[in-house]
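The values are calculated or read from the model by the stated rules, or taken from the named source; none is laboratory data. What you see is a predicted model; the values in this text were computed from it and never measured. Ligands, DNA and RNA are excluded from the accessible area calculation, which covers all protein heavy atoms including side chains. Shrake-Rupley method; radii C 1.70, N 1.55, O 1.52, S 1.80 Å.
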Amino acid sequence: MNQFFPFAQKQIGFNKPVDVVLQSNLQNSEDPLGKTGYYDPSSYQIVIFTDNRHPKDILRSLSHELVHHG
């Protein structure tokens, strides 16, 4: 994630600071339609749910939410 974030920032072109929270939620991870993450534009915060997910999938969710931030 530390390597991906600067790359995404350059590609998307955002310059606003963003807070990324990696969150555990076992109940959400057991739901096939559970959330993978979300962006809160009022606080510039991205929350990514991490339980039972491959790192590539977590980065995919991060990149999706960064587009909303950009």
The extension gain from Leu22 to Asn52, computed as 0.36 nm times the residue separation minus the Cα-Cα distance, is 9.5 nm
Rounded, prolate or oblate for the chain? Axes are the square roots of the Cα gyration tensor eigenvalues, ordered a ≥ b ≥ c, and the cut-off for rounded is a/c under 1.5.
prolate
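Can you give the extra length, in nm with one decimal, that the chain gains between Gln11 and Tyr44 once fully stretched, where that is 0.36 nm per residue apart less the Cα-Cα distance?
Taking 0.36 nm per residue and subtracting the Cα distance, the gain is 10.0 nm.
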Accessible surface of His64 in the full protein assembly, 1.4 angstrom probe, to the nearest 10 Å²?
100 Å²
Can you tell me what share of the DSSP beta bridges in the chain is antiparallel? A percent to the nearest 5 is fine.
45 percent
Search the structure for amide H atoms under 5 Å from the amide H of Gln45, placed 1.01 Å from N in the peptide plane, and list their residues when 5 or more places away or on another chain.
Asp19, Asp40
Using a 1.4 Å probe on heavy atoms of the protein chains only, the accessible area for Glu30 in Å², nearest 10, reads 140 Å²
Per the helix-only model, the chain has a calculated mean residue ellipticity at 222 nm (DSSP H runs of ≥4, -39500 (n - 2.57) each, divided over all residues, rounded to the nearest 500) of -12000 deg cm²/dmol
Gly37's amide H: which non-local residues (gap 5+, or another chain) put their own amide H closer than 5 Å, with H modeled 1.01 Å from N in plane and none for Pro or chain starts?
Phe49
